[in-house]
Amino acid sequence: MVAILDAIVLATDPLSRVRIAGPTAMERAVRVAKRVGASRVHVVESDAARAQLGDVHADRLLVIRADQLVHTPLVQPILAAGANAVAVVPAQPPVNDLTPGHYAGAFVVEGDDAKRVIAELARGDSDEAIVARISSAQHVPHGAVARAPIATKQQRRAATQLLYKILIKPQDNAITRYLYRPVSMPLTKLLVWTPITPNQISYFVAVLVAFGIWLTAHRDIELTLLGSVVVLVASYIDCCDGEVARLKLLSSRFGAWVDTIVDELSSVGYMIALGWHCHLYFGPRYFGNVGFDPWLAGMAVGAITYAWCIYCIYYNIIVAVGSANSQDYVGRFEVVPGKQPNSVRLVPAAVKAISTKQPLPQPLEFLATYMPYIVRRDFISWAAVGFATFHVTHIGFGTLVLGGLISFVILTIDHVKLRSLRRSVVRRGMLLEAP
């Protein structure tokens, strides 16, 4: 039976009221505790609140001090360590205010040790003194972007810059990293100081995209250009909801799904709107008398391929990856032993190095590296504005439909392989663990 985790946040120091990228240090410590699974969080802001700790009963207790910037990598390693564990400064600390091996401001205890720690905190003992008396505790180095001092203005600026490092996601492609993040990050740095929530940003993006799609669907090329610009602006603001959520520790599964649904509907909606514009602007006989309206046919093909691609992507990330973020899509899996007897699980297949006698010519290497970006939504948002600017929206629409067809083929192959792999596990009589 897994012990229920309780948390105590020590916030008697005035530094716990200091704001870093929006929330106070105390609010951050509370959100960190909840993020790592604490069912109850007890905040000690005064001597009276400390005295009331005597009424707290916990089988497993996490203690966090809130006189510094704290983030989840401070406590995740000690919770993973098992029983009693103390977070300490690693050998190569991100900040140099404490020496390696020094107590970093968080620890976890279980059973009788948890009861003893609660009693000691209630009578006024400091967390440093308590940690020094826990002889059985493992000393576990904290992770990156875990903590930082905030006593001076210089330290607060450094703590803020350290925190901003989490905005760069490893899944970001070159377009996102060099075209989108440089614009969205300054906007995010303003939004974190407001009461605007990540979900409210997603709702605003949805309204903005709907307005852009409506403008795009007109015959007038100027309105279509304006609509494409509005959709592009929305794609920049769309980066901010996740950034604000990570900075303010407000990420949620519901918020991830709201963002995901808005993203996918905006892609399908813009493609259909652009096709309808082409139908009105170029007319059904643009390619001659072919017996059908090519724009309506393209819209139908695009809608079908996009819908199938969305199904394949989310089957992949929900069933095999256990995520709600389409950036976590995995093309190839392999089977590894599971945690339970006679069980296995699917993990991303290791990338195998391909040996070639000689490298590809530079033009081919460039195409192999950057051609896949053509079918990405973030590239198409920019390209659509260019197509509308030069009155070649039909090329933009064709690119969207072609991108859907290419993705349809690639994702169908991946989907068939994933289904086949899962069936092979079942045929062997083995239990497939959930991601």
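The values are calculated or read from the model by the stated rules, or taken from the named source; none is laboratory data. Model, not experiment: these values are computed from the prediction. A quick note on method: Cβ atoms are made from the backbone with ideal geometry, for glycine too, and the neighbour counts reach across all protein chains shown. Note: accessible area is taken over every heavy atom of the protein model, side chains too, but ligands, DNA and RNA are not part of it. Shrake-Rupley method; radii C 1.70, N 1.55, O 1.52, S 1.80 Å.
Some values worked out for this structure:
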| read-out | value |
| --- | --- |
| Number of positions in the range 125-138 that are more than 28 Å from residue 160 (Cβ to Cβ), at pLDDT 90 or above and of a type outside the set (A, V, I, L, M) | 3 |
| The range 1-20: number of residues that are surrounded by 20 or more Cβ atoms within 10 Å (Cβ to Cβ) and of a type in the set (S, T, N, Q) | 1 |
| Residue match in the range 250-259 (condition: on the phi > 0 side of the Ramachandran plot, in contact (Cβ under 8 Å) with a residue 24 or more places away in the chain and not in a helix (DSSP H, G or I)) | no |
| Checking residue 258 against (1) within 27 Å of residue 179 (Cα to Cα); (2) open to solvent by 60 Å² or more (accessible area, probe 1.4 Å), the condition it does not meet | (2) |
| One residue from 264, 222 being of a type in the set (Asp, Glu) and either closer than 20 Å to residue 169 by Cβ or in contact (Cβ under 8 Å) with a residue 24 or more places away in the chain (or both) | 264 |
| Unmet criterion (only one of (1) open to solvent by less than 60 Å² (accessible area, probe 1.4 Å); (2) at pLDDT below 95; (3) among the aliphatic types (A, V, I, L, M)) for residue 225 | (2) |
| Test: residue in the range 56-69 that is open to solvent by 20 Å² or more (accessible area, probe 1.4 Å) and under 28 Å from the mean Cα position of the chain (by Cα) | yes |
| Any chance residue 329 is in contact with a helix residue (DSSP H, G or I) (Cβ under 9 Å, 6 or more places away or on another chain), of a type in the set (Phe, Trp, Tyr) and under 30 Å from residue 425 (Cβ atoms) | yes |
| Those residues of the range 4-59 which are part of a helix (DSSP H, G or I) and among the acidic types (Asp, Glu), in sequence order | 27, 47, 55 |
| Within the range 243-288, tally of residues that are at pLDDT below 90 and under 18 Å from residue 32 (Cα atoms) | 4 |
| Pair list, Cβ under 7 Å, 6 or more apart: the range 61-90 residue among the small types (Gly, Ala, Ser), other residue in a loop (DSSP other than H, G, I, E, B) | 66/11; 85/137; 87/75; 87/142 |
| Selection within the range 148-165 - under 18 Å from the mean Cα position of the chain (by Cα) and either at pLDDT below 90 or open to solvent by 60 Å² or more (accessible area, probe 1.4 Å) (or both) | 165 |
| Within the range 414-435, tally of residues that are within 17 Å of residue 321 (Cα to Cα) and either within 28 Å of the chain's Cα centre (by Cα) or without any contact (Cβ under 8 Å) to a residue 60 or more places away in the chain (or both) | 14 |
| Filtered residue count, the range 264-301, keeping only those that are closer than 18 Å to residue 326 by Cβ and either aromatic (Phe, Trp, Tyr) or open to solvent by less than 60 Å² (accessible area, probe 1.4 Å) (or both) | 7 |
| Matching residues, the range 344-370, being polar (S, T, N, Q) and either modelled with pLDDT of 85 or more or loosely packed, with under 10 Cβ neighbours inside 10 Å (or both) | 355, 356, 358, 362 |
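The rows are residues; the columns are (1) in contact with a Cys (Cβ under 9 Å, 6 or more places away or on another chain); (2) farther than 20 Å from residue 400 by Cα.
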{"residue": "289", "(1), (2)": "no, yes"}
{"residue": "293", "(1), (2)": "no, no"}
{"residue": "298", "(1), (2)": "yes, no"}
{"residue": "310", "(1), (2)": "no, no"}
{"residue": "318", "(1), (2)": "no, yes"}
{"residue": "328", "(1), (2)": "no, yes"}
{"residue": "333", "(1), (2)": "no, yes"}
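To keep it simple, each residue is scored yes or no on (1) among the aliphatic types (A, V, I, L, M); (2) over 18 Å from residue 120 (Cβ atoms).
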site	(1), (2)
33	yes, yes
37	no, yes
44	yes, no
48	yes, no
58	yes, no
64	yes, no
69	yes, yes
76	no, yes
82	no, yes
